[in-house]
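*Asks:* Okay, handing you the structure first.
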Amino acid sequence: MHAPKDSDSAFALQGVTCTFDGVRALDAASVAFTRGRTSVLIGSSGSGKSTLLRLLIGLEWPVSGNVLCDGEPLRRDALPEVRRRVGYVIQEGGLFPHLTVLGNLALLPRHLGWNASHVLERARELAALAHLHEGLLSRFPAELSGGQRQRVALMRALMLDPPTLLLDEPLGALDPLVRHGLQDELREIFARLGKTVIMVTHDMAEAAFFSDHLILMRRGRIIQDGRLEDFQRTPADDFVREFLAAHRNLPGGGA
Amino acid sequence: MRFWLALLFACLPLAALAQSESAAIVHASNTQVAVGSKNFTESVVLGEIARLAARENGVEVQHRQALGGTRILWRALEHGDIDAYPEYTGTLTHELLHGVPPNAGIDVLRARLKPLGIGITDPLGFNNTYAIGMRAKEAEKLHIRSISDLAQHPDLKLAFSNEFMNRADGWPGLKAAYHLPMTARGMDHDLAYRALAAGAVDAIDLYGTDAEIAYYHLRVLKDDKHYFPRYDAVYLYRLDLDQRAPRFVAALNNLAGSIDAGQMRAMNKAVKLDGKDASVVAAAFLGVDAGNNTSGDFWPRLARYTLEHLALVGISLSLAILIAVPLGILAARRRRLGQLVLGLTGILQTVPSLALFVFMIPLFGIGAEPAIAALFLYSLLPIVRNTHAGLTGIEPSLLESAAALGLPPRVRLLRVELPLALRSILAGIKIAAVINVGTATLGALIGAGGYGQPILTGIRLDDIGLIMEGAVPAALLALAMQGVFEIIERALTPRGLRLRAKA
């Protein structure tokens with residue numbers, strides 16, 4: 001089973017409800033994310049999957065329930081420290097337009113007292129990992145392609161070598177060709193680094209490509225949490241069945 | 001880091017200028033004794049006569065010329081910014097002192113002023129009462145000889161000096177006393193003559209010693225109901241001068257009874273219509289040397305006005321930046337408080353500038369300080385508003401990315417938010433600077449100097465050239481400010497943002 005004890009997991013939610021202007025974005029959600037593996041939150045837009053991700057690093061705050069980080073309830077005063085142990089990448093990259101690539105990468109490390117050569121060394125290392133040409137380090141985000149920007153966003157998230165990566169539709173804004181190339185690269189990087197990865201996507205094929213731990217969401221509720229085979233063999237309800245049916249070319253001989 | 005240094009350097013010249021200039025201002029206002037004058041020719045001439053007479057008595061007195069209207073001079077005298085100024089008995093009985101019978105004698109006035117710490121000389125020798133004047137030809141045609149006759153012609157257009165419009169012994173009382181049916185509009189006294197000559201208005205208020213009466217061929221209407229009180233010219237002075245500068249008090253008292261209406265009218269004409277320097281005319285009257293108080297050559301004079309003007313703008317703007325940027329940040333952080341701050345600074349902006357300048361006098365006296373305070377208040381809104389707009393306009397995903405990195409709020413503000421809002425903030429500072437350059441010309445009304453000085457004197461003397469001497473540099477300075485701030489903006493905007501703007 002894929003339900004580890006909450007204390008063993010990197011992150012866990014216990015009956016978390018989160019509302020925006022009275023609307024429940026997340027409704028009594030409980031889930032745990034195992035260390036060292038890739039989990040994928042999947043659902044259509046508005047299902048609450050991004051909200052769930054944002055709750056983990058305190059970008060949203062629950063009205064009830066607990067968010068656990070390494071088995072401990074998340075505290076507001078510990079947020080900067082928690083966030084530094086997490087790399088967070090969003091759809092458009094979230095790169096600061098007034099800083100160069102290197103400036104973006106250096107922002108947090110410099111604040112933490114790294115010297116310039118240490119930052120540069122780490123940036124070069126990550127450029128090699130993310131297949132970004134070193135010459136691009138001095139460019140501004142506006143001078144990069146969409147794919148390059150997402151590589152930089154991933155590099156920025158990895159600067160402090162955090163144990164966990166949170167990715168919110170990291171490839172969502174890219175055209176299909178670039179996207180497929182990057183999917184391969186990302187999966188390889190995750191495998192090599194052995195990080196806890198929690199990724200949000202609305203694409204079932206992408207979800208299946210990255211992981212066999214899937215969490216399917218709809219209207220703020222977790223509908224099914226398990227492996228792809230479980231989804232296919234015993235779908236929790238018609239919604240799961242329909243969702244799978246909409247993505248026929250899944251590995252493992254779906255549908 | 002780099003552009004915070006750059007911003008600092010950009011501010012340094014302003015700060016340096018501010019420091020040197022404020023030192024100069026403090027130095028200037030330390031001069032021991034000062035005489036003031038209102039912003040019309042006769043008052044300025046009488047101020048010069050007082051200064052030169054004092055000098056003959058061995059007292060160096062500073063003359064703060066053409067400061068403004070009665071209220072400003074009276075307050076400045078009470079406040080000690082000036083120690084003496086020429087006034088008229090009618091103004092004292094009707095405007096400044098309450099419960100004094102009209103045409104009260106000088107002894108009654110002296111007794112009333114004493115508890116206020118103010119002394120009064122005997123009358124100087126001429127009665128400069130109000131009168132109503134018309135073009136002689138027009139008056140002849142309509143058979144108007146007295147003010148009573150005006151009531152028969154309700155369609156005549158009347159324009160009165162703003163002071164006359166509002167004071168108890170001015171238009172409201174006159175209208176009631178003579179049952180005049182028409183309404184009047186307010187107009188600067190010096191401009192009113194030209195409007196009258198050009199036929200734009202039919203009757204204006206005059207002073208009995210105005211030089212223009214003969215020049216423009218005007219008829220002075222007979223005050224057949226003896227409405228206007230006596231306006232005997234006197235000097236008011238602070239009684240503490242009896243200790244501080246007794247010889248100055250003696251000089252003022254010596255002038256009593258020495259100037260008749262004909263002499264005063266001639267001096268007014270010499271300054272206003274013949275373009276002579278008030279100092280030269282006053283010296284000729286006293287039979288002394290004019291000394292070196294003349295306004296000097298063009299270039300040094302322009303340089304002085306420019307420095308004074310830059311000091312007003314530079315100091316007020318620097319202070320405004322120091323206060324308004326943090327206020328803008330606060331406003332962006334706390335929504336409720338932000339609306340309050342924006343609302344308050346917005347209200348400040350709606351206070352008419354002249355009024356704001358005058359409001360500052362009780363707090364700061366006269367001179368550069370109240371002008372700087374007023375300009376400071378005016379500069380707040382554009383900077384607060386643009387700082388607020390710049391910060392709240394940042395894409396939420398960028399703010400979130402900064403937070404998600406684990407940067408503390410202070411670092412986020414300095415490294416991410418302020419740099420992203422910098423363009424907007426600089427644009428606000430630029431707007432404030434350009435507005436300031438224009439508004440600062442009003443500072444001359446309360447003795448702050450700058451380009452407003454020649455403009456004010458030019459209006460008083462009806463001298464377009466002199467007006468241009470202030471108006472043209474003020475316009476050029478505003479343009480230069482615009483240019484300088486555009487260069488600063490260009491230099492400080494990170495290249496990455498310019499790229500984005502292009503894309």
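*Asks:* Springs between alpha-carbon atoms under 10 Å, Gaussian network over chain A: tell me which of A:Asn115, A:Asn104, A:Asn66 tops the mean-square fluctuations.
*Replies:* Evaluated over chain A, the most mobile residue of the options is A:Asn115.
*Asks:* Among B:His98, A:His98, A:His180, A:His202, what's the order by accessible area (1.4 angstrom probe), most exposed first?
*Replies:* Values: B:His98 140, A:His98 10, A:His180 110, A:His202 90 Å².
Result, largest first: B:His98, A:His180, A:His202, A:His98.
*Asks:* Mind checking B:404-416 for the average number of partner chain beta-carbons within 10 Å of each residue's beta-carbon?
*Replies:* Numbers: counts 15, 16, 15, 7, 3, 1, 0, 5, 2, 0, 0, 8, 4.
Per residue, the average neighbour count from other chains is 6.
*Asks:* For chain B, what are the DSSP H helices with axial Cα length of 27 Å or more and mean Kyte-Doolittle hydropathy of at least 1.0? The partial results should precede the final answer.
*Replies:* Numbers: long enough: B:2-29 (41 Å, 1.23); B:298-333 (51 Å, 1.26); B:368-392 (36 Å, 0.89); B:418-439 (30 Å, 1.50); B:464-492 (41 Å, 1.43).
Qualifying helices, which must be both long enough and hydrophobic enough, are B:2-29, B:298-333, B:418-439, B:464-492.
*Asks:* Could you name the aspartates and glutamates whose alpha carbon sits less than 18 Å from that of B:Lys114, not counting residues in the same chain fewer than 8 places away?
*Replies:* By straight Cα distance, B:Lys114 reaches B:Glu78, B:Asp83, B:Glu87, B:Glu95, B:Asp122, B:Asp240, B:Asp242.
*Asks:* Using label points projected 7 Å from each Cα along Cα→Cβ, tell me how many nm separate B:Leu273 and B:Gln32, to one decimal.
*Replies:* Distance between the two pseudo-spin positions: 4.1 nm.
*Asks:* What average number of partner chain Cβ atoms lie no more than 10 Å from the Cβ of the residues making up A:157-165? Each step should come with its number before you reach the end.
*Replies:* Details: counts 3, 0, 1, 2, 0, 1, 0, 0, 0.
For peptide A:157-165, the averaged partner shielding equals 1.
*Asks:* What total accessible area, in Å², is buried where chains B and A meet, using a 1.4 Å probe and rounding to the nearest 100?
*Replies:* Values: alone 22810 and 12130 Å², together 32970 Å².
The B and A chains share an interface burying roughly 2000 Å².
*Asks:* What number comes out for accessible area per residue over chain B if the probe is 1.4 Å? Units Å², please. Working shown, then result.
*Replies:* Working: 21830 Å² over 503 residues.
I get 43 Å² per residue for chain B.
*Asks:* In addition: Can you work out the FRET efficiency for the pair B:Lys175 and B:Ala214, with r the C-beta to C-beta distance and R0 = 30 Å, to the nearest 0.05? Show your work: numbers first, answer last.
*Replies:* On the way: r = 28 Å, r/R0 = 0.93.
The computed FRET efficiency comes out at 0.60.
*Asks:* Accessible area per residue, 1.4 Å probe, Å², for chain A: what's the number?
*Replies:* Dividing the accessible area of chain A by its residue count gives 44 Å².
*Asks:* Which value in Å does the Kirkwood hydrodynamic radius of the protein assembly as shown take, with 1/r averaged over all unlike C-alpha pairs and then inverted?
*Replies:* Values: mean 1/r = 0.0311 Å⁻¹.
Kirkwood hydrodynamic radius for the protein assembly as shown: 32.1 Å.
*Asks:* Keeping all protein chains in position, work out how much accessible area A:Trp61 exposes to a 1.4 Å probe, and write it in Å² to the nearest 10.
*Replies:* Result for A:Trp61: roughly 80 Å² accessible.
*Asks:* How much of the DSSP beta bridge set in the protein assembly as shown is antiparallel, as a percent to the nearest 5? The partial results should precede the final answer.
*Replies:* Numbers: 36 of 65 bridges.
Of all bridge pairs located within the protein assembly as shown, approximately 55 percent are antiparallel.
*Asks:* Round to the nearest 10 and report in Å² the accessible area of A:Asp184, as given by a 1.4 Å probe over the protein chains' heavy atoms.
*Replies:* 90 Å²
*Asks:* Arranged from highest to lowest average of other beta-carbon atoms within 10 Å per residue, in what order do the peptides B:43-54, B:58-69 appear? Could you put the intermediate results ahead of the total?
*Replies:* Values: B:43-54: 26.0, B:58-69: 20.4.
The most tightly packed comes first, giving B:43-54, B:58-69.
*Asks:* Does the range A:141-215 classify as rounded, prolate or oblate by the C-alpha gyration tensor (a ≥ b ≥ c root eigenvalues; a/c under 1.5 gives rounded; else a/b over b/c gives prolate, otherwise oblate)?
*Replies:* Values: a/c = 1.82, a/b = 1.11, b/c = 1.64.
It is oblate, given that a/c is not under 1.5 and a/b is not larger than b/c.
*Asks:* In the protein assembly as shown, what percent of the accessible surface is made up of carbon and sulfur (1.4 Å probe, ligands and nucleic acids excluded)?
*Replies:* Details: 18390 of 32970 Å².
That share works out to 56 percent.
*Asks:* Kindly sort A:Val200, B:Val472 by accessible area of their heavy atoms, largest first, with the probe set to 1.4 Å. If you can, show how the numbers build up before the last one.
*Replies:* Working: A:Val200 0, B:Val472 70 Å².
So the residues, ranked largest to smallest area, are B:Val472, A:Val200.
*Asks:* Would you kindly find the accessible area of A:Glu125, with a 1.4 Å probe and non-protein molecules such as ligands, DNA and RNA excluded, rounding to the nearest 10 Å²?
*Replies:* Near enough 100 Å² of accessible area.
*Asks:* Name the residues whose placed amide hydrogens come within less than 5 Å of the amide hydrogen of B:Val351, ignoring near sequence neighbours (fewer than 5 apart) on the same chain.
*Replies:* none
*Asks:* Further question on the same structure: Just tell me how shielded A:107-115 is by partners: mean number of partner chain Cβ atoms within 10 Å of each residue's Cβ, no decimals. Show your work: numbers first, answer last.
*Replies:* Numbers: counts 8, 6, 0, 3, 7, 2, 0, 0, 0.
For this peptide, the per-residue mean of nearby foreign Cβ atoms is 3.
*Asks:* Which entries in the list B:Lys157/B:Lys225; B:Lys137/B:Lys175; B:Lys137/B:Lys157; B:Lys137/B:Lys269; B:Lys38/B:Lys225; B:Lys157/B:Lys269 go over 19 Å, if you measure between the two C-alpha atoms of each?
*Replies:* Values: B:Lys157/B:Lys225 22 Å; B:Lys137/B:Lys175 24 Å; B:Lys137/B:Lys157 16 Å; B:Lys137/B:Lys269 22 Å; B:Lys38/B:Lys225 29 Å; B:Lys157/B:Lys269 26 Å.
In this structure, B:Lys157/B:Lys225; B:Lys137/B:Lys175; B:Lys137/B:Lys269; B:Lys38/B:Lys225; B:Lys157/B:Lys269 lie more than 19 Å apart at Cα.
*Asks:* For A:Arg151, A:Arg227, write out the residues from largest to smallest accessible area, computed with a 1.4 angstrom probe and no ligands counted.
*Replies:* Numbers: A:Arg151 40, A:Arg227 80 Å².
Ranked from most to least accessible, the order is A:Arg227, A:Arg151.
*Asks:* Once both labels are modelled 7 Å past Cα along the beta-carbon direction, what's the B:Arg334-A:Ala28 spacing in nm?
*Replies:* Computed distance between label sites B:Arg334 and A:Ala28 equals 4.0 nm.
*Asks:* Another question about this same structure. Which log10 I(q)/I(0) values does chain B give at q = 0.07 Å⁻¹ under the Debye formula, counting every alpha carbon as one identical point scatterer?
*Replies:* -0.47
*Asks:* Also, quick follow-up: In terms of Cα to Cα distance under 27 Å, which lysines are near enough to B:Lys430, apart from those fewer than 8 places away along the same chain?
*Replies:* Of all the lysines, those that pass the test against B:Lys430 - Cα under 27 Å, at least 8 places apart if same chain - are B:Lys502.
*Asks:* Sticking with this structure for a sec: First measure r as the distance between the Cβ atoms of B:Asn162 and B:Val472, then evaluate 1/(1 + (r/R0)^6) with R0 = 41 Å and state the FRET efficiency to the nearest 0.05.
*Replies:* Details: r = 26 Å, r/R0 = 0.64.
After rounding, the FRET efficiency stands at 0.95.
*Asks:* For B:Lys222, give me every one of the aspartates and glutamates with a C-alpha distance below 19 angstrom, ignoring sequence neighbours fewer than eight places off in its own chain.
*Replies:* Correct list for B:Lys222: B:Glu138, B:Glu140, B:Asp149, B:Asp169, B:Asp202, B:Asp205, B:Asp210, B:Glu212, B:Asp232.
*Asks:* Continuing with the same structure: Which whole-Hz couplings ³J(HN,Hα) result when phi for each residue of the range A:21-38 is put into the Karplus expression 6.51 cos²θ - 1.76 cosθ + 1.60, θ = phi - 60°, listed in order with x for Gly and Pro?
*Replies:* Listing the rounded values in order: 6, x, 8, 7, 7, 9, 10, 6, 8, 10, 6, 10, 10, 6, 5, x, 10, 9 Hz.
*Asks:* May I pose another question? Give me the one-decimal nm value for the distance between modelled label points at A:Arg233 and A:Ala246, 7 Å along each residue's Cα-to-Cβ direction.
*Replies:* Calculated label separation equals 2.6 nm.
*Asks:* First measure r as the distance between the Cβ atoms of B:Arg110 and B:Ala480, then evaluate 1/(1 + (r/R0)^6) with R0 = 56 Å and state the FRET efficiency to the nearest 0.05.
*Replies:* Details: r = 52 Å, r/R0 = 0.94.
Approximately 0.60, to the nearest 0.05.
*Asks:* On to the next question. Mind pulling the angle between the C-alpha long axis of helix A:146-158 and the longest principal axis of chain A? Nearest 10 degrees, somewhere in 0 to 90.
*Replies:* 90 degrees
The values are calculated or read from the model by the stated rules, or taken from the named source; none is laboratory data. Remember, it's a predicted structure, so these values are computed and weren't measured experimentally. Cβ coordinates were reconstructed from backbone atoms using ideal geometry, including for glycine residues, and neighbour counts include every protein chain displayed. These accessible areas exclude ligands, DNA and RNA; they are computed on the full protein's heavy atoms, side chains included. Shrake-Rupley method; radii C 1.70, N 1.55, O 1.52, S 1.80 Å.
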